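Right, one structure below, let's go through it.
No lab work stands behind these numbers, since they all come straight from the coordinates. Model, not experiment: these values are computed from the prediction. Cβ sites come from the backbone with ideal geometry, for glycine too, and all protein chains shown count toward neighbours.
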Amino acid sequence: MQKSIRICHLYPELMNLYGDRGNVIAFSRRAEWMGIRPEVTAVSLSESHDFTKYDLLFIGGGQDKEQKLICIDFQQVKGKAIADAILSGVVTLAVCGGYQLLGKYYRTGQGDEVLPGIGVLDAWTVAGNKRLIGNVVIESTLGGETRTIVGFENHSGKTYLGESVTPLGRVRRGFGNNGEDGYEGCVYKNCVGTYLHGSLLPKNPWLTDYLIQTALVRKYGDFSLVPLDDTIEDLAHRAAISRAAQRPGL
Amino acid sequence: MSPSALLALWVAKALARLARLRGTGGSTFPGRVALRIEPRLLAYLSAQHMRGNITISGTNGKTTTAKMIADIFVAAGWRPAHNRTGANLIYGIASEFAQRANLFGRMQTDVGLAEVDEATMPLAVKELAPGVALVTNFFRDQLDRFGELETTVSLVRKGLEQMASGSTVVLNADDPLAASLGESSRLRNVFYGIEDRSMGMEGRAQVADIKRCPHCGAEYEYSGVFYAHLGRYRCPSCGYKRPEPQVKLLTYRSEGARGSFCSVSTPEGTIDFSLKLPGVYNAYNALGAVACASTLGVPLDTIRDALSRFTSSFGRMELVPVGTKQAFIALVKNPTGFNEVIRTLLEGEEEKNIVIAINDRYADGTDVSWLWDVDFERLASRQQKIRFVITSGIRAEDMAVRLKYAGLSLGLLSIEKDVKKALDRALGYTPDGGLLYILPTYTAMLEVRDALHRMGHARQFWEV
């Protein structure tokens with residue numbers, strides 16, 4: 001029986017600001033190339049669900065208006081179910097707006113309006129007055145290995161992490177969560193939150209495979225992935241590191 | 001003119017002459033220096049235009065629509081000052097207008113026609129005092145510069161609010177955000193849109209930039225979708241809907257890459273013409289041009305003749321002879337535009353030779369994530385028609401990864417970052433009499449034009 005991986009793409013038409021669907025494409029393609037059948041389900045507003053039946057959850061970034069709608073949907077419909085899934089160890093990737101909404105709250109710049117998050121991540125976000133934007137390189141340790149992760153950030157929200165979560169990595173180039181503490185992203189159980197677009201996963205096959213492997217080990221017990229030829233991805237990864245080292249706009 | 005304005009003018013002209021001699025084609029630096037010397041230079045120059053000034057803004061189609069209007073004006077015997085190279089920030093407009101004044105500061109042109117970047121609208125409207133402003137559409141584009149689509153729209157709105165009462169705003173009725181700019185009763189609104197009842201695919205737009213009412217946030221219902229989020233829309237919650245256009249595309253018949261047949265009705269009458277540019281998006285550009293020109297009183301016959309003769313400008317999309325072969329250069333800047341280019345490219349049975357050059361400088365958009373919203377899967381699904389794809393530019397490797405994940409066979413794919421070397425190789429692989437598709441982002445397109453020029457083909461851009 002062919003092995004499969006069930007991927008849930010949350011709010012694909014609302015939270016897809018910077019090509020974040022590339023992450024779902026990366027999960028699906030790599031799984032296919034490894035002989036694993038991907039099953040992608042889109043879940044949108046007002047649909048309640050049991051998210052523990054998925055192997056991977058993905059939620060991307062969106063504009064402020066869309067994020068408000070999702071915030072309401074989380075509060076009224078899905079938030080607890082998603083939190084339950086993450087707490088039970090479902091592998092999750094949340095980018096930008098999705099990352100912010102998994103935290104405790106987002107304090108906007110307008111009159112201290114506070115948008116509540118799901119609160120499953122011990123993190124909170126405050127609107128800053130400058131845009132943190134540009135190519136990013138971070139150093140991350142996952143599964144005992146330390147590697148670089150590359151991407152592009154574009155956010156005015158500044159996210160701060162509490163005690164019970166760890167950062168995704170240390171910033172070598174770029175701003176990271178808040179431009180102050182030198183860290184980017186957040187890891188909690190099997191949930192990764194990050195500000196990195198790019199899309200994130202295509203140029204970081206190590207991270208993609210780590211997430212796929214974690215999901216499949218949970219599902220099938222001991223499981224090793226078929227190694228793929230990542231020549232082109234690695235070229236792009238190294239080119240992104242050089243590009244991040246240069247001044248922007250050239 | 002004041003001494004400082006004259007000095008600013010002379011400096012701008014001298015710098016432009018120097019750039020031409022050195023072959024660097026600087027189209028914004030002269031204006032930048034001039035405006036430092038005399039910030040109101042542009043206002044002094046544009047005030048001299050007897051026929052007034054016009055601004056063209058919006059996400060897609062500015063350059064093509066502006067060039068169409070320029071050709072229409074010339075056909076009508078008018079003399080436009082027009083930033084034809086597409087340098088659409090305030091410096092580019094100032095540079096262009098400075099070139100059209102004589103040494104005494106007298107404009108040799110009688111109408112100003114400025115393509116204006118959306119964020120520049122407030123300043124441009126203040127300096128140019130246009131009697132007519134055209135807004136084509138709003139798409140998510142280069143968000144790393146503007147941050148949010150809403151900010152872009154509000155900047156254009158801020159510009160329009162500075163127009164004198166009774167001025168005219170020409171707006172695309174089929175684009176909900178562009179149409180929403182027509183809510184001021186202080187200004188005269190002229191709407192244009194598609195009224196061909198045979199058009200309008202049902203169903204959601206594929207690239208969903210805006211599908212919600214800007215007033216109440218409810219999702220639009222569409223009784224017809226023409227292109228991306230453009231169509232016949234209505235908000236079921238507050239009743240806001242697409243305004244009735246005065247300038248209507250009654251009939252649109254596509255002839256593939258060769259262009260389309262259009263029949264357009266205006267309050268002054270109806271004209272038919274064959275447009276040499278393909279796609280619904282170019283029909284919209286023509287519609288905007290008809291709306292603008294007819295509102296200014298240009299006779300319909302003149303408009304029709306000019307549009308029938310119109311060919312594409314400055315490498316945004318053009319066919320260039322290259323020795324025994326041809327190059328089809330189509331600028332790509334956002335998912336919707338790229339999807340249209342892919343659709344055009346896939347028409348026709350011959351094998352496709354393709355170069356895709358992606359840069360990430362400021363003018364290209366520094367975040368290349370948008371490539372993941374382009375439907376390259378569609379291109380890959382017809383790869384039996386593709387001879388090769390070479391990816392080039394600063395982000396050549398990103399483009400190659402995108403194509404790999406879209407399903408393109410690696411045997412068809414190669415990477416050559418240097419644009420000139422990529423073109424050399426691509427032209428080598430293209431058979432005699434064959435067509436090479438070159439799809440660059442903005443600064444890569446400048447490199448492509450430059451490379452083709454050095455090979456002895458295609459004039460330098462400012463000669464166009």
Net charge near A:Leu132, counting Lys/Arg +1 and Asp/Glu -1 over other residues with Cβ under 11 Å of its Cβ? 0
What fraction of the DSSP beta bridges in chain B is antiparallel, stated in percent and rounded to the nearest 5? 40
In the protein assembly as shown, what % of DSSP beta bridges are antiparallel (nearest 5)? 50
Are there any chymotrypsin sites (Phe, Trp or Tyr not before Pro) in the range B:272-346 that are in a DSSP loop and have at most 12 other Cβ atoms within 10 Å? List them by number. none
Work out the charge dipole of the protein assembly as shown with +1 on the Cβ of Lys and Arg and -1 on the Cβ of Asp and Glu about the Cα centre, then indicate which of A:Ile59, B:Val332, B:Ser381 is farthest towards its positive end. B:Val332
Is the range B:234-279 best put as rounded, prolate or oblate by its Cα gyration tensor, with a ≥ b ≥ c the root eigenvalues, rounded for a/c under 1.5, and otherwise prolate when a/b is larger than b/c, oblate when not? oblate
Mind checking the dipole of the range A:103-154: about its Cα centre, +1 per Lys or Arg Cβ, -1 per Asp or Glu Cβ, Debye to the nearest 20? 120
By a straight-distance test (C-alpha under 30 Å), which lysines pair with B:Lys241 as possible cross-link partners, with residues fewer than eight away in the same chain excluded? A:Lys65, A:Lys68, B:Lys62, B:Lys158, B:Lys211, B:Lys333
Options A:Ile241, B:Met107, A:Ser199, ranked by Cα towards positive dipole end of the protein assembly as shown, top entry (Cβ charges): B:Met107
Let me have the relative contact order for the range B:1-136, percent, based on Cα pairs under 8 Å that are six or more residues apart. 35
Farthest towards the positive end of the dipole of chain B, among B:Leu21, B:Val170, B:Ile56 and with Cβ unit charges of +1 on Lys and Arg and -1 on Asp and Glu, lies the Cα of B:Leu21
Toy charge model, Lys and Arg Cβ at +1, Asp and Glu Cβ at -1: the protein assembly as shown dipole around Cα centroid in debye, rounded to 20, equals 1480
Report, in debye and to the nearest 20, how large the dipole of the range A:135-250 comes out about its Cα centre when Lys and Arg carry +1 and Asp and Glu carry -1 on their Cβ. 240
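Looking only at other chains, what is the average number of their beta-carbon atoms within 10 angstrom of each beta-carbon in A:194-202?
Working: counts 0, 0, 1, 6, 7, 10, 1, 2, 8.
Mean number of neighbouring Cβ atoms from other chains: 4.
Would you mind giving the mean number of other chain beta-carbons within 10 Å of the Cβ of each residue in A:16-26, as a whole number? Write out the running numbers ahead of the final one.
Details: counts 5, 7, 9, 10, 3, 3, 8, 1, 1, 6, 3.
Averaged over the peptide's residues, the number is 5.
Rank-order B:216-224, A:74-82, A:101-109 by packing density, defined as the average count of other C-beta atoms within 10 Å over each peptide's residues, highest first. The partial results should precede the final answer.
Numbers: B:216-224: 15.7, A:74-82: 18.1, A:101-109: 20.3.
Going by the mean number of other Cβ atoms within 10 Å, highest first, we get A:101-109, A:74-82, B:216-224.
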